[in-house]
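The values are calculated or read from the model by the stated rules, or taken from the named source; none is laboratory data. Computed from a predicted model, the values in this text were never measured in an experiment. For neighbour counting, all protein chains shown are included, and Cβ atoms are generated from backbone atoms with ideal geometry for every residue, glycine included. Ligands, DNA and RNA are stripped out before the accessible areas are found, and what is left, the full protein with its side chains, is counted by its heavy atoms. Shrake-Rupley method; radii C 1.70, N 1.55, O 1.52, S 1.80 Å.
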Amino acid sequence: MSLQASRNISRFWEWGRKIICVGRNYADHAKELKNAIPKEPVLFLKPPTAYVREGSPILVPLYTTNLHHEVELGVVIGKGGTAIPQSAAMEHVAGYALCLDMTARDIQDECKSKGLPWTMAKAFNTSCPVSEFIPKERIPDPAKVSLWLKVNNQLRQSGCTSQMIFSVPYLISYISDFITLEEGDLILTGTPKGVSAVQEHDELQAGIEDIVTMSFTVDRQDH
């Protein structure tokens with residue numbers, strides 16, 4: 001297989017090397033978790049092993065009893081770079097994906113109270129469900145994207161990326177100042193308010209306007 005064939009950007013989840021996540025990027029979500037509204041982006045990482053695609057379940061880790069959904073716009077990097085200026089940031093975007101940032105909220109709360117990293121709460125297997133790749137031209141303005149998420153057909157989250165505190169170009173520029181962005185990387189841009197717990201056997205459906213939808217079943221890790 002040639003390198004070109006193995007690095008098809010529309011299957012970035014198979015070879016992209018990192019997932020960079022932005023926390024508290026919607027003021028109403030920061031407030032619902034009783035967090036201060038950040039002055040600069042709050043960042044954390046997920047490994048590529050967090051990816052899960054439709055047809056496979058979201059697995060609840062054995063150590064959590066409070067797994068939350070967070071629906072997000074994902075930005076897929078098509079051209080790498082370091083210290084990318086905001087004015088050129090969109091040239092580095094190949095496209096987008098609808099994503100979920102699954103979060104073990106009880107573990108995250110415990111980590112926060114002890115001043116520990118959030119890795120156990122955020123980076124476990126299947127913590128990053130992703131949709132099909134969305135080519136850049138399908139979303140002309142990433143600041144005008146409506147996202148929604150339903151659990152068992154009940155609407156839980158509905159928001160617009162216009163509510164984000166830090167814009168996509170700002171995030172690309174800010175992150176690339178100290179983490180070199182590479183082709184195939186994914187940036188998760190934060191979640192609107194309405195996060196809540198999911199249980200085993202729940203059905204999650206999420207969508208971006210009329211562009212993409214996806215659905216996942218929740219299962220429990222069995223060992």
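Rounded to the nearest 500, what is the chain's calculated 222 nm mean residue ellipticity when only DSSP H runs of at least 4 contribute -39500 (n - 2.57) each, over all residues?
-3500 deg cm²/dmol
For the ranges 48-56, 24-32, what's the packing order if you count other beta-carbon atoms within 10 Å of each residue, average per peptide, and put the highest first?
Sorting 48-56, 24-32 by mean packing, highest first, produces 24-32, 48-56.
Between Met90 and Leu62, what length in nm is gained on full extension when 0.36 nm per residue of separation is reduced by their alpha carbon distance?
Here the segment from Met90 to Leu62 would lengthen by 6.1 nm.
Which percent of the accessible area of the chain is formed by carbon and sulfur heavy atoms (probe 1.4 angstrom)?
Of the solvent-accessible surface of the chain, carbon and sulfur hold 51 percent.
How high is the FRET efficiency between Asp28 and Glu200 when r is their beta carbon distance and R₀ equals 25 Å, given to the nearest 0.05?
It comes out at approximately 0.30.
Could you go through the stretch 19-29 in sequence order and give the Karplus-derived ³J(HN,Hα) for each residue, using 6.51 cos²θ - 1.76 cosθ + 1.60 with θ = phi - 60°, rounded to whole Hz, and x for Gly and Pro?
Calculated HN-Hα couplings, in order: 10, 9, 10, 10, x, 6, 9, 10, 4, 5, 6 Hz.
With the Cα gyration tensor of the stretch 142-219 giving a ≥ b ≥ c as the square roots of its eigenvalues, does the rule (a/c under 1.5 for rounded; else a/b larger than b/c for prolate; else oblate) give rounded, prolate or oblate?
Prolate, since a/c reaches 1.5 and a/b exceeds b/c.
Per-residue HN-Hα couplings for the stretch 188-199, Karplus 6.51 cos²θ - 1.76 cosθ + 1.60 at θ = phi - 60°, whole Hz, x for Gly and Pro?
Values, residue by residue: 8, 9, x, 10, x, 5, x, 5, 7, 6, 10, 10 Hz.
Could you run the Karplus curve 6.51 cos²θ - 1.76 cosθ + 1.60 with θ = phi - 60° over the stretch 95-112 and give me ³J(HN,Hα) per residue in whole Hz, x for Gly and Pro?
Per residue, the Karplus-derived 3J(HN,Hα) values read x, 9, 8, 7, 9, 10, 9, 6, 9, 7, 5, 4, 5, 4, 4, 5, 4, 4 Hz.
Roughly how many whole Å is it from the C-alpha centroid of the stretch 109-180 to that of the stretch 65-79?
Result: 4 Å between the Cα centres.
Label point 7 Å out from Gln221 along Cα-to-Cβ: which residues of the stretch 25-67 have amide N under 18 Å?
Hits in the stretch 25-67 for Gln221 at 18 Å: 45-53, 56-67.
Please give the charge dipole size of the stretch 145-223, origin at the Cα centre, charges +1 on K and R Cβ atoms and -1 on D and E Cβ atoms. Round to the nearest 20 debye.
Computed charge dipole of the stretch 145-223: roughly 420 debye.
Suppose R0 equals 25 Å. What FRET efficiency, 1/(1 + (r/R0)^6) with r the Cβ-Cβ distance, do Thr119 and Lys39 give to the nearest 0.05?
It comes to 0.60.
Cα-based Rg (one decimal) and Dmax (whole number) for the stretch 126-179, in Å?
Expressed in Å, the Cα Rg and Dmax of the stretch 126-179 come to 13.9, 41.
What are the equivalent ellipsoid semi-axes of the stretch 50-166, built from the alpha-carbon gyration tensor (square roots of five times its eigenvalues), in whole angstrom, biggest first?
27, 18, 15
In whole Å, what three semi-axes, largest first, describe the equivalent ellipsoid of the chain built from its Cα gyration tensor (square root of 5 times each eigenvalue)?
Semi-axes (√(5λ), whole Å): 25, 20, 18.
In Å², what does the accessible area per residue of the chain work out to with a 1.4 Å probe?
46
Any lysines with Cα under 22 Å of the Lys193 Cα? List them, leaving off those in the same chain fewer than 8 positions away.
Lys31, Lys34, Lys39, Lys46, Lys112, Lys122, Lys144, Lys150
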